[in-house]
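Here is the structure we will look at, set down as structure tokens.
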Amino acid sequence: MLDFIVSIDKAILEFIQTYIQSSLLDKTMTFISKLGNLGFIWLTISIILILNKKYRRAGILAIYSLIISLILGEVLLKNIIQRARPFIHIPNIDLLITRPTSYSFPSGHTSSSFAALGAFAEIIDNKKIIIPLLALAFLMAFSRMYLMVHYPTDILGGIVLGIVSSKIAYKYCLRKDRL
């Protein structure tokens, strides 16, 4: 079963490289991915929201969610699972970004994107704000596959971890009345 999942992972990445890759997307996906380095874009959005009285709770909840996602994903899961990145196993890949040195599962960029998005969606009831953030989260996740630094299952794991992190943060903040 695991071999089957790995073969699907590789097939999806090869499809992206063969049929979707372009010079325009090379630049776009590199830029989007860099926005997610160290959760930069999500921290920035959170801070902007904290400065706005109307959305302060969403920004605070996002910070909590990002911290939980970081601890669970980067500190625990990656070091327990220790999955090598795709560029290690798929030959002839010229990376467009610096080789990440951490393990592959789950995707940190994706988990932070969906942790922040989940937090924002819990508090902000405005589709004009949430839909662009949702699009950015999905683009961030796709960029990691496009750039060949994560498998699709790493992305799925990151989405689940991010959503779970935002739910944990929300429950914690509500119980402690911290928002």
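Points worth noting:
- Within region 5-85, helices (runs of 4 or more DSSP H) holding 3 or more residues that are of a type outside the set (A, V, I, L, M, F, W, C) and out of contact with any Pro (no Cβ under 8 Å at 6 or more places or on another chain): 23-35, 56-69
- Filter pass, Ile129 being more than 17 Å from Gly39 (Cα to Cα) and among the hydrophobic types (A, V, I, L, M, F, W, C): yes
- Single match in Phe31, Phe40 (criterion: exposed (fewer than 13 other Cβ atoms within 10 Å of the Cβ), farther than 19 Å from Ile90 by Cα, at pLDDT 95 or above and not polar (S, T, N, Q)): Phe31
- Test set (1) in a helix (DSSP H, G or I); (2) at pLDDT 95 or above - Ile88 fails condition number: (2)
- Qualifying residues in region 46-64 (those that are among the small types (Gly, Ala, Ser) and in contact with a Phe, Trp or Tyr (Cβ under 8 Å, 6 or more places away or on another chain)) - the one nearest to Ser111 (Cα to Cα): Ala62
- Residue in region 105-122 that is at pLDDT below 95 and either closer than 21 Å to Pro132 by Cβ or not in a helix (DSSP H, G or I) (or both) present: yes
- Against the test of being β-branched (Val, Ile, Thr), free of Cβ contacts under 8 Å to residues at least 60 places away in the same chain and surrounded by fewer than 20 Cβ atoms within 10 Å (Cβ to Cβ), the options Ile97, Ile159, Ile155, Ile88 yield a single qualifying residue, Ile88.
- Residues that are within 12 Å of the chain's Cα centre (by Cα) and outside any helix (DSSP H, G or I) within region 138-159 comprise just one, His150.
The values are calculated or read from the model by the stated rules, or taken from the named source; none is laboratory data. Given the structure is predicted, the values throughout are model-derived calculations rather than measurements. Reconstructed Cβ throughout: ideal geometry from the backbone, glycine too, with neighbour counts over all protein chains shown.
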